[in-house]
1. Do we have A:Lys86 as open to solvent by 90 Å² or more (accessible area, probe 1.4 Å), more than 14 Å from chain B (Cβ to nearest Cβ) and under 18 Å from A:Tyr14 (Cα atoms) here?
2. Mind checking which strands (runs of 3 or more DSSP E) fall wholly inside the stretch B:383-477 and carry at least 3 residues that are farther than 25 Å from B:Ile43 by Cα, of a type outside the set (Gly, Ala, Ser) and within 14 Å of another protein chain (Cβ to nearest Cβ)?
3. Take the residues in the stretch A:30-73 that are in contact (Cβ under 8 Å) with a residue 60 or more places away in the chain and open to solvent by 20 Å² or more (accessible area, probe 1.4 Å); name whichever of them is farthest from the other protein chains (Cβ to nearest Cβ).
4. Say whether the condition of being open to solvent by 20 Å² or more (accessible area, probe 1.4 Å) and in a loop (DSSP other than H, G, I, E, B) is met by at least one residue in the stretch B:170-184.
5. Restricting attention to the stretch B:642-685, which residues are open to solvent by 60 Å² or more (accessible area, probe 1.4 Å), over 22 Å from B:Glu587 (Cβ atoms) and not charged (D, E, K, R)?
6. What pairs come out if I take residues in the stretch B:312-331 that are within 14 Å of B:Asn358 (Cβ to Cβ) and pair them with residues that are open to solvent by 10 Å² or more (accessible area, probe 1.4 Å) and among the basic types (Lys, Arg) whose C-beta lies under 7 Å away, six or more apart or interchain?
7. For the stretch B:451-504, how many residues are among the hydroxyl-bearing types (Ser, Thr, Tyr) and either more than 25 Å from B:Glu535 (Cα to Cα) or open to solvent by 40 Å² or more (accessible area, probe 1.4 Å) (or both)?
8. Give the number of residues within the stretch B:197-246 that are under 17 Å from the mean Cα position of the chain (by Cα), in a helix (DSSP H, G or I) and not basic (Lys, Arg).
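The values are calculated or read from the model by the stated rules, or taken from the named source; none is laboratory data. Please read all numbers here as calculations on a predicted model, not as lab measurements. Methodologically, a virtual Cβ is constructed for each residue, glycine included, from the backbone with ideal geometry; neighbour enumeration extends over all protein chains shown. Remember, those area values only see protein heavy atoms, side chains included, never the ligands or the DNA or RNA. Shrake-Rupley method; radii C 1.70, N 1.55, O 1.52, S 1.80 Å.
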Amino acid sequence: MAYVVTGACIGCKYTDCVEVCPVDCFVEGPNFLAIDPETCIDCTLCVAECPVNAIYPEAEVPPDQVEYIALNAELARKWRAITNRKDPLPEAERWAKVAAADKRQYLEL
Amino acid sequence: MTAQVQNLVDHAEIERYDEALQAYLRGEIEADRFTAIRLQQGIYGQRQEGVNMVRIKIPGGRLTATQLEAIAQALETYARHDVVHITTRQDIQMHYVPLESTPAVLRDLARAGLTTREACGNTIRNMTACPLAGLCPRQHVDVTRHLDGAVRHFLRNPLNQQLPRKFKISFSACEADCAQGLMHDLALVAVHEGGRFGFRVMAGGGLGHKPHHAIVIEPFIEEQDLIPVMEAVVALHNRYSDRTKRAKSRIKFLVDRFGPQGFIEKYREELVRTRAAHAGRADYPRAEWSAGGSGTVPGAGAPRQVFTQRQPGLAVVPIAVPIGNLNAAQLRGVAQVLTHFGLSEVRTTQDQNLMLPNVRVQDVAAIYAWLAPLGLGAPQPGDNVVACPGTSTCRLGITSSTIVAPKLDGGGADLRIRVSGCHNGCAQPETGDIGIYGEGKRLHGKLIPHYQTYFGGNGMGGGGLAIKGPSIPSARIETAIARVKQDYAQTREGGETFYAWVRRKGIEHLNALLADLTEVKPEQAAQLARDHGDEGDFRVLQLGGGECAGASQVKIGSAFFEAAHERAYRDAFRFQRKYAEALACAETMGRLVGQGLVQLLGGKAEPGLEALAQALDGLLPAEALGRELGRLAQALARPAEEWTEPALVELFHDLDRWTVEVARFAQSFDRQLDLTEALPSGYEVKPVHLHRKPQQPALAA
C-alpha cells in the first residue's frame, strides 16, 4: 500500500507534505504533486499537513478519485522529485475551494 | 527505604486475551480487531512475520529479583532471540516471540507480578520517574508513592482504554526535573514554594514529529489534587484531540489549536468536573515532604558513577547496558546480585541502563566484581549512547540505528548521544547533547539514508529541546559527530556544558562546520546509498505503516468505555448526594450507549435520549431496548429534587441492566465484539466468539 495524492491538489500545490516526508517520495508536475508508491512507507505524516486534504491511504481513496492511484504511479516515473517546500501556486486559495472532482480536467501533464 | 514494587496483574484478562487469540487463529476475529486487543496487552507486530514484541510495563523502572528471573525465563522459553531491550520509558521489551506463545509469556510474567497491559496502543503508557526517586538527597518527596498511586488509578481505567492517541506521564521529585517533564504529555514536578509543598504541572510536551516543549498549566497544586488534575488533562486529550488524523492527535497539537491560554482554560473546565467527582476522597497518594538538599543533580539517566544516597551508608550503583540490550544470562546474573547482596530492587533508566539502589557502600566493589564476568560494569565516559531498535525489528524503522549507535561515542566530555531510526523519536533525539534520527533523501536518482541532526538538548528543569542541525548522509555521521566533539573540546570555555556551547556558538556555526558533509556529488551517490550494515542499496521496506497509533477503534467500543467512565462519576456524585450531577452523568451514559448501538445498526446518532429511543425502536421493533431507553429517558428528565436515594439507586440499576442488555445484543449482532471490560462489575456477557471452549485448558499451571 501507499498514500495517494488526489484531485484536490490540482492548482494548489501547497507542498507542506514535501517538507515532512521522511523518504522524499513526492514528485512535482506543473500544477499537481504525486507520491511515488514504490518509495512511500505509509508513515502518514503528509496526510495531516495537506491544507486541502488531498492525500489518502490507497485503500481509502474516495470512489470518484480512484483513478489517481494509477496516476500517482505513472507520474512518479515521469516527473522529477521535489524535496523542499516552496510557495504554493499563485491562485492556490481560489483552487482550494473547487471540488476535487471538478479539477481533473485542469491537470497539466 | 523505598516502597514495595506493586503487583499490577489481572489474571482474568490474560485468559480473555488467550481466548481472543484462539478465536483469531480460528478465523473468527478479523486481523484489525485482534490487533487492537493485542496492543492493549502490550504486544506489537514486528518487521518479521509471525513474531511479536512483548513490552512489559515497569512503572518508574522498578523491578525485583524474582521479576528479572521471570523475564529471563520467558525469554529463554519462548523468544527466538536471546535479547531484551530496555526502553527510554523504563520498560523492558522482548522481541521475536511467536504469536501463539504470547499468552504463555504473559502468564509467566504475571506470576512475578508483571503486566504488559497498556504498554502499547492508545493508552497512558508506562509512567516514568526521575531515576533516583526515593533515594536522592535533593528530593522533596518520594514520588514513587505518587507514581504508584497514579498507576493504580489509571491502569484499566475506562477513561484510558481508547484515547485518541498515546499519552506519556513523568514524575520528578524536585525542580531539577530529572524525569524530563518538558517532553511529556503531562509532567508532575515536586516543588517547594513559599513554604508549601506540592506539584508544578506541565502539559502538551512531546517529541517525534513536530516536537513541543510542555507548558506550565499549574504553577502549584496540593498533593491531594494530584489525581483530579491528572485526570482533567487526560479528559481534555480524550475530548478534544483529533481522532481522525492520527499524525496530529497527540495532546501537543491541542496547545497549537487552542493557544496556550485557551488550552489552560479548556483544562480548567475539565478540572471543575474531575475535582467535583473526586471531592472528599481521602485515598489520594501521599508521602512525607521535606525541603531537600542541594547536592549534585544526578541527571536524566542512571548516574554516571556511584552515587551517594540520602540514606546514610547507602549508594546507587549504575550498570552500563550498551544500547539497552541484555541477554537471559545477564538478567539472571543481575537477579543473583540482588539476592546475594540483599537488595530489594533494580531500576531501568531512561538512558537504557540499570542501577542498583540501596547498596551498602562497602559492597560496591564486590558487586562490580560480580558483574564483570557477565560483561556488565560501570558506565565509562563516552558510552552514554541510546538507540531505538530501528530497522532491526521495528515496522516503522527507516535506518539501522542499532548498527550505527555502537560506532558512536560521546568522548571524554561524556556527551549524551541519542539515535532514532525514524522521526518518531523513541530514542528521544531532541533531548540528547547530540541527537540524530534516520530519514531517506532522494538525490541524483538514489534514495540515500541520512541522519537528521539535533544539538544541545536537555529535557530537565531549565533545559530545552535540541536545535535542529543539518541532515547528513548516514555513511558520514561518525565523521560529523567526531568533528562536533572536537570543535566543542577546542572552543569550550571553562566548564561550559554542551547545551550552553551550542547556544553560544549558534546553529549557523554547526551548519557551517558540517556543510561539506551534507553535499552529495553525483559520483558519490552510489557509494552513499548504503546504510550501516547493509550489503545492497538502501531501501525502506513498505510494511503498511506501524502500529504505534493503535488499530482502528470500533465506535461502540469507545462509547461503552466513555459510558463506563461516566458511570464511575455518576456513582461518585450520588455518594456525595449531588443528585443533579449524578443524573447528568446517567443521561450521558444513556446517550453514549444508545448512540453506539444505533450507529452499529447503521442508524442516525440522535443527540436526545427520546429521539434515540424512537430510532432504536424503529431499528429493533422486536427488542425491548428502545422502549426501555424511552422509559429511562422519562425518568432521567425528572428534576433532581424529586429523587430519593433508594429511588435513584433503583434507577441507576435499571440503567446498568439496560446497558448490559445493549452489550449482549451488540455482541450477538457483531460477533467479534467484546465489551466485557466496559460493563458494570457483577455482570458478565461473554462475547459470542468466546462461547466455544478452547481446546486445551487455558491455564497451564
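1. When the stated conditions are applied, A:Lys86 passes them.
2. Working: elements: B:385-387, B:417-420, B:434-443, B:446-455, B:467-473.
Of the strands (runs of 3 or more DSSP E) lying wholly inside the stretch B:383-477, those with at least 3 residues that are farther than 25 Å from B:Ile43 by Cα, of a type outside the set (Gly, Ala, Ser) and within 14 Å of another protein chain (Cβ to nearest Cβ) span B:434-443, B:446-455, B:467-473.
3. Per the stated criteria, the residue is A:Pro30.
4. Going residue by residue through the stretch B:170-184, those that are open to solvent by 20 Å² or more (accessible area, probe 1.4 Å) are B:175.
So of that shortlist, the ones also in a loop (DSSP other than H, G, I, E, B) come out as B:175.
Checked against the condition, which is being open to solvent by 20 Å² or more (accessible area, probe 1.4 Å) and in a loop (DSSP other than H, G, I, E, B), the stretch B:170-184 yields at least one hit.
5. Across the stretch B:642-685, the qualifying residues are B:Ser668, B:Phe669, B:Gly682.
6. B:Gly313/B:Arg360; B:Leu314/B:Arg360; B:Pro318/B:Arg304
7. 6
8. Number of matching residues: 7.
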